[in-house]
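See structure below.
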Amino acid sequence: MELDIGSITIDDTYCEAFDGLLSRLIVTAKDERRLHRAINSSTALPSTVFGEAEGGIEKLLGEDETPDGRMGAIIQIWVTYRGKGNDSKTLEYELSKRIRQGILVTPTTSVFNALDSKERIDIMDKVGHCGDGYESIEHRSGRDVINIPLMMGEFIIERYIGFKRGVMGGNVWFFCESEDVAIDAGDRAVEAIGRVDQAITSFDICSAGSKPETKYPEIGPSTNHFFCPTLKGKIKESLVPENIKSIPEIVINGTSVEVVGDAMKAAIYAVKDIKGVLRISTGNYGGKLGKYKIYLKDIL
């Protein structure tokens, strides 16, 4: 059975999503340029396929919404949850890299915890000691923070950062008649997801949907050749419909499976009136990727 929204066909299928560990941070800065430099640098380069981390910007915050009364944003940093005892240590290490190299080095920035969780990371070992022993513990903005002296003043970071399990890899695919339509649809979907609390898009618009099987396992997931428009007519197993020239994928992480479903729904409704979006689907791989199955018919 197929569904329809306006003139767009919605496939009766599901996406597979899987467990992850996330931390949720408030980043603040003196001005807009410094803030955007920090949040973009710290969340760039999705690398979970290499056993590292990925991140995303959840939303921007006004001065009345941050602990220190400055402009800010909420970001999320994720690692894959494998059910092993060292998963939290992986998050601690990856989180510290993103903070040290993406935020601390950007002038005037500060970091605060934005996740209510009993599980916490003591950030002193991996970030606090960037002060080389000259760091200090202080109480500011109603929180216990580490003050790290820098050549341009100080870097303030809350000492304990919460973490929890969430859901990674929710996604929607838009089958579009041109690249321009695909970019427009992707931009609108990403903007809509930005209005869903506690959800992020780790890739923005992703041009390179992948699949579990590959001829080159040494490089990890490779192109989903079934859905590459330029291969239509060249391979007999192509699944690209007629008149489709571009298929963007929007990948979504959220603090719960319900949040991911809400974000997928928001993305779909954001493109329902775009001429040239002919079909909407999502990626699944026969249960090989993740334990969560989010059916499009259930979220719409």
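Evaluating Ile183 against the criteria (1) without any contact (Cβ under 8 Å) to a residue 60 or more places away in the chain; (2) surrounded by fewer than 22 Cβ atoms within 10 Å (Cβ to Cβ); (3) over 19 Å from Ile77 (Cα atoms) leaves one unmet condition, (1). Assigned to a strand (DSSP E or B), out of contact with any Cys (no Cβ under 9 Å at 6 or more places or on another chain) and acidic (Asp, Glu) - does that describe any residue in the stretch 175-182? Taking every residue of the stretch 175-182 in turn, none turns out to be assigned to a strand (DSSP E or B), out of contact with any Cys (no Cβ under 9 Å at 6 or more places or on another chain) and acidic (Asp, Glu). In the condition set (1) without any contact (Cβ under 8 Å) to a residue 40 or more places away in the chain; (2) over 23 Å from Met124 (Cα atoms), Tyr93 is compliant with all but (2).
Find the residue count for the stretch 89-112, including only residues that are farther than 18 Å from Ile146 by Cβ and within 18 Å of the chain's Cα centre (by Cα). Matching residues across the stretch 89-112 total 3. Scanning the stretch 193-209 for residues that are touching a residue at least 60 places away in the same chain (Cβ under 8 Å) and over 11 Å from the mean Cα position of the chain (by Cα), we see that the one that is nearest to Tyr285 (Cα to Cα) is Gly209. Considering only residues in the stretch 239-263 that are over 13 Å from the mean Cα position of the chain (by Cα) and assigned to a helix (DSSP H, G or I), the one that is surrounded by the fewest Cβ atoms within 10 Å (Cβ to Cβ) turns out to be Glu258.
Only one entry in Asp68, Asp132, Asp122 is among the acidic types (Asp, Glu) and touching a Ser or Thr at 6+ places or on another chain (Cβ under 6 Å), namely Asp68. Every condition in (1) in contact (Cβ under 8 Å) with a residue 24 or more places away in the chain; (2) farther than 30 Å from Ile5 by Cβ holds for Val190 except the one numbered (2).
Candidates Val105, Val181, Val167: the one that is in contact with a helix residue (DSSP H, G or I) (Cβ under 7 Å, 6 or more places away or on another chain) and not charged (D, E, K, R) is Val167. Highlighted here would be strands (runs of 3 or more DSSP E) found entirely within the stretch 94-162 that include at least 1 residues which are buried (at least 16 other Cβ atoms within 10 Å of the Cβ) and touching a His at 6+ places or on another chain (Cβ under 7 Å), but there are none. Search the stretch 266-291 for residues being among the β-branched types (Val, Ile, Thr) and part of a loop (DSSP other than H, G, I, E, B), and hand back the single one that is nearest to Asn224 (Cα to Cα). Looking at the filtered set, the residue picked out is Thr282.
Here Lys293 fulfils each of the conditions (1) surrounded by 12 or more Cβ atoms within 10 Å (Cβ to Cβ); (2) among the charged types (D, E, K, R); (3) out of contact with any Phe, Trp or Tyr (no Cβ under 6 Å at 6 or more places or on another chain) apart from (3).
Coordinate-derived values only; no laboratory data. Please read all numbers here as calculations on a predicted model, not as lab measurements. Ideal geometry is used to build each Cβ from the backbone, glycine not excepted, and the neighbour counts take in all protein chains shown.
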